[in-house]
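Structure record follows, encoded as structure tokens.
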Amino acid sequence: RERLVRLAEGKLRETGRIARVLIHPRDPNIVYVCSTGRMTGPQDERGVFKTTDGGANWQRVLFVDGNTGCSGLTMDQKNPDILLAGTWQAEQKTWVQRSGGPGSGVFMTRDGGAKWTRLTNGLPRPPVGKIDVQIAPSDSNRMYALIQTVNQGSVWRSDDAGATWRVVSWDRSLIGRAGYYIRMVVNPQNPDDIFIMSSSMHRSQDGGRNFSGNGG
């Protein structure tokens, strides 16, 4: 993994911040990079990039616009051609951070990145801010989205592989200081057991309905 990160930094030098690196579970030459971008202004070198030759060459497979990068990326461990991406429209400078806009959203591909579809059924209305996403390793139908919003909720869940979504938590502490800290993981053995790292640590053992921890 460290070697691939170095390759990504070398070949994708202008992307700036890289939020995730995902390696295909059966073919280590296939790698996806989730690039947030430099965030100091518009740029083309952001979004989701893919290599099929171990990092020698990269292709941008998901691009929303010059103001929007990738903030979250997850792969279906049972079908690695299925990926879920969270995009984030943002600008960050030493004196200001602007988080959110129509570019932020949840996107899915079912063919390894060749075609992406923006998911909207049950998800919050734009504009929204930073997004992280997860597909439960033990249940491909269970998906989560952690989304920075003003008053529309914090965690969304799908039980039908992304076809429909519903808000399951309005806990504002889950997206505390989202521009700096936002990360979600799912227990590999239990799709109801999820962890969120924001400005503090949170855990839900009932599929996102209730959270405990030092922030909730």
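The values are calculated or read from the model by the stated rules, or taken from the named source; none is laboratory data. Please read these numbers as outputs of a predicted model, since none were measured by experiment. With ideal geometry, Cβ positions are generated from the backbone for all residues, glycine too; neighbour counts draw on all protein chains shown. Keep in mind that these areas ignore ligands, DNA and RNA; they rest on the heavy atoms of the full protein, side chains included. Shrake-Rupley method; radii C 1.70, N 1.55, O 1.52, S 1.80 Å.
Numerical summary
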{"read-out": "Residue, nearest to the chain's Cα centre (by Cα), within region 52-62, restricted to residues that are without any contact (Cβ under 8 Å) to a residue 40 or more places away in the chain and closer than 15 Å to residue 25 by Cα", "value": "52"}
{"read-out": "Residue among 23, 18 that alone is open to solvent by 10 Å² or more (accessible area, probe 1.4 Å), among the aliphatic types (A, V, I, L, M) and modelled with pLDDT of 95 or more", "value": "23"}
{"read-out": "Residue list for region 108-134, filter: among the polar types (S, T, N, Q) and buried (at least 19 other Cβ atoms within 10 Å of the Cβ)", "value": "109, 134"}
{"read-out": "Residues of region 200-216 classified as in a strand (DSSP E or B) and open to solvent by 10 Å² or more (accessible area, probe 1.4 Å), total", "value": "4"}
{"read-out": "Positions within region 30-49 being in contact with a Leu (Cβ under 9 Å, 6 or more places away or on another chain), within 20 Å of residue 131 (Cα to Cα) and surrounded by 19 or more Cβ atoms within 10 Å (Cβ to Cβ), in sequence order", "value": "32, 33, 34, 35, 47, 48, 49"}
{"read-out": "Within region 151-175, tally of residues that are at negative phi and either in contact (Cβ under 8 Å) with a residue 60 or more places away in the chain or of a type in the set (Val, Ile, Thr) (or both)", "value": "5"}
{"read-out": "Single unsatisfied condition, residue 179 versus (1) surrounded by 15 or more Cβ atoms within 10 Å (Cβ to Cβ); (2) more than 26 Å from residue 76 (Cβ to Cβ); (3) without any contact (Cβ under 8 Å) to a residue 24 or more places away in the chain", "value": "(3)"}
{"read-out": "Among residues of region 196-214, those that are closer than 21 Å to residue 142 by Cα and of a type in the set (A, V, I, L, M), counted", "value": "2"}
{"read-out": "Within region 89-199, strands (runs of 3 or more DSSP E) holding 1 or more residues that are under 22 Å from residue 38 (Cβ atoms)", "value": "96-99, 105-109, 131-135, 183-186"}
